[in-house]
Amino acid sequence: MIKVEDVHKSFGEEEILKGITTEFDKGKTNLIIGQSGSGKTVLLKCMIGLFKPEQGKIFYDDKAIQSMNDEEQRQLREEIGMLFQGGALFDSMNIEENVMFPLRMFTKQKKEDMLARVNEVLNRVDLENVNKKFPAEISGGMQKRVSIARAIVNKPKFLFCDEPNSGLDPNTATLIDNLIQEITHEYDITTIVVTHDMNSVMEIGEKVVLLKEGKLVWQGTNQEIFKTDNEDVTNFVYSSNLFKKIRDVQLKEG
Amino acid sequence: MKYLQDIGSYFLMLKKVFSSFTKTSVLKHLIFKEINDLMISSLGIVAFISFFVGGVVAIQTALNMNNPLIPKSLIGFATRQSVILEFAPTFISIIMAGKVGSFITSSIGSMRVTEQIDALEVMGINSLNYLVFPKIVALMFYPFLIVISMFLGILGGWVAGVYGGFSSSTAFISGLQDSFIPYQLFYAFFKTFVFAFILATVPSWQGFYMKGGALEVGRASTTSFVWTSVLIISANYIITQLLLSS
């Protein structure tokens, strides 16, 4: 479980996060949604320690990251898996080396054991015969899957995904969404996904947090998102032409 | 004010490079890779330039010796002094600022743009130690490259002098051995180490702290070459003043 308490973050004069407080549940895919510039990625980067909030606290299983010493923070980072928007695979390494990287850095396993684990997670994300290929030689969707494999290879307790299906076709995007949800349940981890894709909300939004201009304006489940009267939610949901048309058809049909 | 901030950020980077070390087995692998990327891959260009510039130095010296009282051995002497004192350590370092420096800046800059550095940080790895320390260690082998440059520069001078008909081999070699001061080798290698450190760290700093996209990576590479060259030339002046003029 991850708890965020009154988090503020500014860049220069501009305040990006204006006191966010919420909780992300274990064993669920938690989605942070909102329009571009609403502070989703900044909140995610505050949670993983890439940005330092000026005010507020972030708790990992009831322990505030701010009160952890360097060693505790290092150990925590070993328990975090991250899927970046562009995959962030290391160009100079082949797929096998990319996925093996966290194991080489943080474990003392034999090479054969590491290789077995790498093949296991690559199979889990439905990738075969790509071990010796370099990231530039595989498609965007495959890169995302390799990135998921790298994120889960060291059995993390927390998985963060920054716009995991951006730049992917709808079918592949759905596959990636489903894969993230399956892995969340299988490993019983706390997963946080930043997205502005309503399809993802529909598919995997077991808990949804809506940000607007740096403030949390609504939270609930993907079932509740279509039932709420919250104006910010309806504005966000129906900013998609597809959802607008579906609503219009439903209204016509009574 | 910005320059002061940049200088401060450079020294803070150095402090971080030498803290929270990456696992030894991983570091060893990275160091070998950097030796290959930065040193071995530069051998060809360094050998080519050294040989021909050494030859040009010998020809220029010979063509400017109008007085018949000046011994032909001066060609060998002038070639040795030019190559050992300035050409190999300084001129080659400026070329390396273009070749190795821009490679370092663009590779680290691309990692920044594509969030690969963020990925390292999220994993709890000290990205500066992981990326920059192996480059510093690899460039500590830079004096070996300079030794090769010195040898080939002098060889180029001998070939041009002897086969160009400007000097006999005996006179050239006699000039090479004339008034040799071993301290000058210490001076040449001392500054080579300083230049190696500049070559590893200034382009890394430029790449690591760049912001933006692909265009900025290109800009950072150019800026990196300019600043690395300026620092090498400035350090050369200061070291020469301190070590040779007293």
With segment B:1-145 reduced to its Cα atoms and the Debye formula applied, log10 I(q)/I(0) at q = 0.09, 0.10 1/Å amounts to -0.44, -0.52
Quick calc, B:R219 & B:K33: beta-carbon distance into FRET formula, R0 22 Å, rounding 0.05, result 0.25
extent check for segment B:138-221: Cα max minus min per principal axis, descending, whole Å, gives 59, 30, 16
The set of residues whose placed amide H lies less than 5 Å from the amide H of A:T29, leaving out same-chain residues fewer than 5 positions away, is A:E206, A:K207
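How high is the FRET efficiency between A:D248 and A:D61 when r is their beta carbon distance and R₀ equals 56 Å, given to the nearest 0.05? Intermediate results must be reported in sequence, preceding the final value.
Numbers: r = 45 Å, r/R0 = 0.81.
Taking R0 as 56 Å, the efficiency between A:D248 and A:D61 is 0.80.
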Excluding near-sequence neighbours (fewer than 8 apart on one chain), segment A:7-80 holds lysine pairs with C-alpha atoms under 21 Å apart numbering 22
Simple spin-label estimate for A:D25/B:L243, 7 Å along Cα→Cβ, in nm, reads 6.9
Length gained, A:H8-A:D188, 0.36 nm per residue minus C-alpha separation, equals 61.9 nm
Log entry: pair-distance distribution for segment A:167-238, C-alpha pairs binned every 10 Å from zero, whole % per bin is 18, 49, 30, 4
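Going by C-beta contacts inside 10 Å, put A:M68, B:M123 in order with the fewest on the left. All intermediate terms of the calculation are to be shown ahead of the outcome.
On the way: A:M68 15, B:M123 22.
The order, fewest Cβ neighbours first, is A:M68, B:M123.
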To the nearest 0.05, the calculated FRET efficiency linking B:L12 and A:N69 through their beta-carbon distance, R0 being 25 Å, is 0.75
Between A:E15 and A:T221, the two model label points (7 Å from Cα along the beta-carbon direction) sit apart by a distance in nm of 3.4
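Find the Rg to Rh ratio for the protein assembly as shown, where Rh is the Kirkwood radius over alpha-carbon pairs and Rg uses the same atoms.
On the Cα set of the protein assembly as shown, Rg over Rh gives 1.13.
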Rounded to one decimal in nm, the spacing of the 7 Å Cα→Cβ label points at A:Y238 and A:L115 is 5.9
Answer check: segment B:84-195, Cα atoms, Kirkwood Rh, Rg/Rh ratio of 1.19
One finds the C-alpha centres of segment A:122-173 and segment B:27-41 to be spaced, in Å, by 29
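With both partners inside the protein assembly as shown, how many of the DSSP beta bridges are antiparallel, as a percent to the nearest 5? Could the numbers behind the result be given before it?
Working: 20 of 38 bridges.
So the antiparallel bridges amount to about 55 percent of the total.
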Expressed as a percent, the portion of alpha-carbon pairs in chain B spaced more than 35 Å apart is 25
In a Gaussian network model of chain B with springs linking alpha carbons closer than 10 Å, the residue among B:G213, B:G55, B:G124 that fluctuates most is B:G124
Listed with the fewest Cβ neighbours within 10 Å leading, B:W205, A:W218 appear as A:W218, B:W205
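A short reminder: the numbers here are calculations on the coordinates, not readings from a lab. This is a predicted model, so every value here is computed, not measured. Glycine gets a Cβ as well: all are built from the backbone with ideal geometry, and neighbour counts include every protein chain shown.
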